[in-house]
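Got a structure for you, written out below as structure tokens; questions coming shortly.
The values are calculated or read from the model by the stated rules, or taken from the named source; none is laboratory data. This one's a predicted model, so the numbers in the text were calculated from it and none came from an experiment. We place every Cβ from the backbone using ideal geometry, glycine too, and count neighbours over all the protein chains shown. All accessible areas refer to the heavy atoms of the entire protein, side chains included, with ligands and DNA or RNA removed. Shrake-Rupley method; radii C 1.70, N 1.55, O 1.52, S 1.80 Å.
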Amino acid sequence: MTKTCMTLLLILVLMFPGSVLADETRPMGRYVESSIELPEDVFVIKLSTADDGRPMVLGTSQMGLSTYVLDGSGWSKTGTIGTPMYWYPNDVAQREQVTYALTYREENNKFIPYVQRDRDGQFVDIHLDLGGTYPTKLELAANGRLLAQSPEGDLLVFDTKTDTLLERYDGIGGAMTLRGTAFFAVSLANRSVVQYDLETGELINEMMDAPITGGDLLASDGASLFLANSSGIYRITPGRTIWEQLIAGNLTSLCLPSIVLADTVLHTSMVVHDGTLYIMAERDEGHYLLQYRFDASANTLPRYELTIQTLRENPALTQAASVFQKQNPDYRVSISVLLFDGAGVSADDAIRALNTELLAGKGPDILLLDGMPISSYSEKGVLYDLSPLISELDQSGELVSSIFKPLYRDGKLYAAPTTCYLPVVMGKSESLKNAKTLSDLAELVNQSTAEAPLPWRTKQGYFSLFLPASYPAWFDANGQLNEAVFAEYLASIDSIYQRCGVDVSRPNEKAYLEKGVQKHGIRDLMDGNGGFIFDLPRLTDGRSIAFPFLLGGFVDARFEFTCLNDISGILSWLPGQAERIYAPCGMLGVNARSGQLDAALAFVRTALSQDVQGLNGNGGLPVNQRVMSSLAENDVNMNLGYSMGDPETGESLVLVATWPTKPVREQIGVMLSEANACYLPDNTLIHMIKGELASYFEGKMDAQSAAQAVSAKVRTYLSE
Amino acid sequence: MSKKRRNHEAANVLFMLPSITGVALFVVWPFAGTLLRSVQDAMGEMYVGFENYRRVFENEAMRLAAGNTLRFIAVCIPLLLTISLGLALLIRPVKRGAGLFSATFLLPMAIPVASVALIWQVLFAKQGFLSALVAMFGGQPTDWVNSDSAFWVLVLSYLWRNVGYDMVLWRASIAGLDPTQSEAAQVDGANAWQRFRYVTLPALLPTLFTITVLSLLNSFKVYREAYLIAGAYPHSSIYLLQHLFNNWFMSLDMQKLCAAAALVALVILLLISVLQRLWERSEP
């Protein structure tokens, strides 16, 4: 009997998850990520493998092409090759002192690809028959075969002894790597990895069900094959059919939205040496080298889990999660996206399920509150007061104070924005200097002689376009809709629409609308959500006088800044019924009943830190003061152009992307610091208002009647 | 008490135990929780007394929802009882095909609510069948479920769905009546109305109580149609208590939701008690 009891007790102790015994049996060993500085003073072209298998970087500088090999003490320069002709090489392949370079030369307004081979430090064209393809990647195999691959999916194999084309493969535009006299490539069509023999040109093997995402890298260590993408790093060993996950993407930088893996386009690559993986990825600022080394003393899975729920995917959140995990290796951040394609639930369903969890004292540790009932959660005590943390960060000069001040309620702050947008308008100073309110703007456009003083939109489009700068003024002290103010808004929208509204009976406006629909989708255009790029040339050549838009990151508004320079214009607050409005975004809240409050607060701190905020070139303006100051201070050379056909005339247009000038950057910083009210729309209310305004949008109801109807409709909702 | 009797009573209790446990676990306990939360704050952490009840009484949306719900009940229940009784009496003399007739009226109950909502949308949308019919006669197309007519659409929906069920209940009750009383009254010179008014109707009163309570409870189910047709914020005339409760849950206003639920339970209890008292008083 005693024995039986003891056995039962032992089983119970072993089964109990929090027991010390169980803790000691945690599986150990994990690949740990670190970043490695790339060689300085050189423009890195690609990461490759030296003849002895070590990681090698090929780069170019004024001295010509150079190779650097990674050893224990860092990068060692191992050689300098000549300089390819015409232009910086698009890609380079080297093996046993033979180097091939791929360059492009402009001929008759077209860029023509050339492959060159170095001979005694001098590159010469070898006139390969590229068959009309535009390769971007070169690889040199052990048997002397040269492979030229294009992103479009053409892979050409040449014999380097005779410089003749041996094979041409179609549908291979993804990742590719070599092993001996064979090559492996990702087949996006079949979601497989194919293996071809370079001697015979025949398909040797096709590995199905590969965890391919479209942004993949392949590498081989002579035996195993490795596949990397944002979901992680996988390995398949000879004779096996299952891909083994070595590293979970969400525990590394690979899942960062700012990290791009695109083998053929950006020459990101992966090499394996002595069991350590090296990945060269692309970021906004250029190449970035990551190392994954196996650490037997690290827990296989982090000890703690911090859970986050969000309605929709948010790149800034993923960014923050990745940085947080790096700073806190004991934590794993799990992000649950409640609304995704195929989720089969509405936002209401998702919130209802979340509410049930919250009421039961459960729920995630952190909530990304965009689209959720923030004010309700704040009032009901669901969220933890972040004011001590925010005050501390604010006092240390870390935050843009003005963005946080309007969010305080009775001295407490329950939601912290991680980015924000500014509703602005740009145009010529003489046009905009007197337009402070929406009525002023309506008057201005009615007096203007320009073809369409504001971008062409539907009435609903204008309603949404000016909404952020007016919405906060619509409600009285009791929270009810102020009918008079709302009617005035609708009257101004009416007036603007009468003067500038799109009229599809006119051919050029029809073409403009159709092109816009093709580019942005009908909903965005009608709702005024899409920043419509065709409006910019209209402003540049004086066909319109102002362009209203939501200013997010500097990368987002790169074409707008070019236009602003071209017209020597000004950027000012969007005229509306409220003043100096900003739209907070990426609102983070901490579940007051979380069992990991300290970790959750540390996560919010990370999300607001320079490490995370500095990574965003788009998706909103940073709320970190130091990042904002650094943005104002530092110039970035954006060498981007966008060519398109003018939808009205059909003529070719080139839009150049420009980083804003220092005065503009400083002005944006000042505007952020002057913002004093936030646009935090209630989606249910907006939906109800738009639904009730259907007749008004169709022109069948005047502004006053529409305001009355809306007021009656939303009264119940607002009194709940 | 004899041993046999005690055993008999124990057996009774044992037979009732599963049911009592179920009711206690899934009705009484949650309702006690509701009552408790009605005097606490939203997250159930602090006692606030009757503050939630005060806020519920002052709430404009609550007044609208309660008013609409009462109006709906006041209009629908008499109409339903009358129509279903009328139909039951109408087919009373029919010997062949009466079952088929009743079954036809029961069909709406077998149709899923989502399908019913779809049918109403096809019928009552601005581009729907009814508007097209009105337009044929020179009228203006109307979005019937988003106008003042919405209330009557909902009444129609409720009647269409429930009339068959009530009719079956009436028929069962009528079939159980002793025909000799009516025949005697006829011999005494009573006409058809007098026989109905003074013989049949008093005999049906016990059934009236049951059908009224069932119809009252069924009337709360009409929210599903209203929600599926017009969403969480329908036209103000069909904004019912369940809309408000659902929306309060969405905004985590659990304290108000529980207070209002307790009030509604109290009103229903009072209503049923009054009906029961009336029935008992009218019993011979």
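Among A:Gly201, A:Ser464, A:Asn355, whose Cα projects farthest towards the positive end of the dipole of chain A, with charges put on the beta-carbon of Lys, Arg (+1) and Asp, Glu (-1)?
Of the listed residues, the answer is A:Asn355.
Give me the three principal axis extents of segment A:264-337 from the C-alpha atoms, as integers in angstrom, largest value leading.
Principal-axis extents of segment A:264-337 (Cα, largest first): 36, 34, 17 Å.
Compute the Rg to Rh ratio over segment B:137-225 from the alpha carbon atoms, using the Kirkwood formula for Rh, and round to two decimal places.
Rg/Rh: 1.19.
Let me ask something additional. What does a probe at A:Arg168 reach in segment A:185-229, counting residues whose amide N is under 18 Å from the point 7 Å along Cα→Cβ?
A:201-202
What accessible area per residue comes out for chain A, rounded to a whole number of Å², with a 1.4 Å probe?
44
Starting from the Kirkwood Rh over alpha-carbon pairs, what translational D in µm² s⁻¹ does segment A:647-720 have by Stokes-Einstein at 20 °C and 1.002 mPa s?
Reported coefficient: 126 µm²/s.
On a 0 to 90 degree scale, rounded to 10, what angle separates helix A:683-692 from the longest Cα axis of chain A?
60
Using only Cα atoms, what is the ratio of the radius of gyration of segment B:51-107 to 2.2 N^0.38 Å?
The reported ratio for this selection is 1.92.
Let me ask you something else. At a temperature of 37 °C and a viscosity of 0.692 mPa s, determine how fast segment A:201-309 diffuses translationally according to Stokes-Einstein, using the Kirkwood radius over alpha-carbon pairs as Rh; express D in µm²/s, rounded to the nearest whole number.
Diffusion coefficient, whole number: 217 µm²/s.
In chain A, with Lys and Arg counted as +1 and Asp and Glu as -1 at Cβ, which of these residues, A:Pro423, A:Phe184, A:Ile259, has the Cα nearest the positive end of the dipole, that is, farthest along it?
A:Pro423
Give me the net charge for the shell around B:Tyr53: Cβ to Cβ below 15 angstrom, other residues only, Lys and Arg +1, Asp and Glu -1.
Residues close to B:Tyr53 contribute a combined charge of +1.
Starting from the Kirkwood Rh over alpha-carbon pairs, what translational D in µm² s⁻¹ does the protein assembly as shown have by Stokes-Einstein at 25 °C and 0.890 mPa s?
71
If you take the accessible area of B alone plus A alone and subtract the pair, what total do you get in square angstrom, rounded to 100, with a 1.4 Å probe?
Summing both sides, the interface buries roughly 2000 Å².
Okay, moving on. Show me, for segment A:553-559, the HN-Hα J-couplings you get by feeding each phi into the Karplus relation (A = 6.51, B = -1.76, C = 1.60, θ = phi - 60°), rounded to Hz, glycine and proline as x.
Each residue's phi maps through the Karplus curve to give x, 5, 5, 4, 9, 4, 7 Hz.
Where nothing but the Cβ of Lys and Arg (+1) and of Asp and Glu (-1) is charged, how large is the charge dipole of segment A:86-244 around its Cα centre, in debye to the nearest 20?
It works out to roughly 260 debye.
Another question, then. How big is the charge dipole of chain A about its Cα centre, in debye rounded to the nearest 20, if each Lys and Arg gets +1 on its Cβ and each Asp and Glu gets -1 on its Cβ?
In total the dipole reaches around 1140 debye.
Here's a follow-up. For segment A:704-719, state which residues have at least 10 Å² less accessible area in the presence of all protein chains than in their chain by itself, taking the probe as 1.4 Å and leaving out ligands, DNA and RNA.
The answer is A:Lys713, A:Arg715, A:Thr716, A:Tyr717, A:Ser719 - residues whose exposure falls by at least 10 Å² when every protein chain is included.
Still on this structure, please answer the following. Of all accessible surface on chain A at a 1.4 Å probe, what whole percent is carbon and sulfur?
Result for chain A: 50 percent of the exposed heavy-atom area is carbon or sulfur.
While we're on this one: Over chain B, with a Gaussian network built from C-alpha contacts below 10 Å, which listed residue (B:Glu51, B:Glu183, B:Glu225) shows the highest mean-square fluctuation?
So, out of B:Glu51, B:Glu183, B:Glu225, the one fluctuating most is B:Glu183.
Given N residues in segment A:28-107, what is its alpha carbon radius of gyration divided by 2.2 N^0.38 Å?
Taking the Cα Rg and dividing by 2.2 N^0.38 Å, one obtains 1.24.
A:Val32: net charge of surrounding residues, Cβ under 13 Å, Lys/Arg +1, Asp/Glu -1, itself excluded?
0
Another question about this same structure. If you place +1 on the Cβ of every Lys and Arg and -1 on the Cβ of every Asp and Glu, how big does the dipole about the Cα centre of segment B:12-142 come out, in debye to the nearest 20?
680
Another question, if that's okay. Considering just Cα atoms, how many Å³ per residue does the convex hull of segment B:228-284 enclose?
It is 101 Å³ per residue.
Here's something else I'd like to know. Starting at the first residue of segment A:480-486, write each ³J(HN,Hα) from the Karplus equation 6.51 cos²θ - 1.76 cosθ + 1.60 with θ = phi - 60°, in whole Hz, x for Gly and Pro.
8, 5, 7, 4, 5, 5, 5
Calculate, for chain B, the solvent-accessible area per residue in square angstrom, rolling a 1.4 angstrom probe over the heavy atoms of the protein chains.
57
Right, next: Semi-axes, largest first, in whole Å: what does sqrt of 5 times each Cα gyration tensor eigenvalue give for chain B?
Over the Cα atoms of chain B, the ellipsoid semi-axes are 36, 34, 18 Å.
Can you give the local net charge around A:Leu359? Use residues other than it whose beta-carbon is closer than 13 angstrom to its beta-carbon, Lys and Arg +1, Asp and Glu -1.
In short, +1.
Starting from the coordinates of the alpha-carbon atoms of segment B:152-284, obtain the Kirkwood hydrodynamic radius over all distinct pairs and give the value in Å to one decimal.
Evaluated over segment B:152-284, this radius sits at 17.9 Å.
Using just the helices of the protein assembly as shown, give the 222 nm mean residue ellipticity in deg cm²/dmol: DSSP H runs with n ≥ 4 each add -39,500 (n - 2.57), and the total is spread over all residues, rounded to 500.
Calculated at 222 nm, the ellipticity per residue is -12500 deg cm²/dmol.
For segment A:269-391, how big is Rg over Rh, using alpha carbon atoms and the Kirkwood form of Rh?
Ratio value, two decimals: 1.06.
If one takes the longest principal axis of the Cα atoms in chain A, at what angle in degrees, from 0 to 90 and to the nearest 10, does the Cα axis of helix A:703-719 lie?
Compared with the principal axis, the helix lies near 70 degrees.
Over all directions, what mean area does the Cα convex hull of segment B:19-161 project, stated in square nanometres?
Averaged projected area of segment B:19-161's Cα convex hull equals 14.7 nm².
Projected onto the charge dipole of chain A (+1 at Lys/Arg Cβ, -1 at Asp/Glu Cβ, origin at the Cα centre), which of A:Pro84, A:Gly542, A:Ala694 gives the Cα projection farthest towards the positive end?
Towards the positive end, the residue furthest out is A:Ala694.
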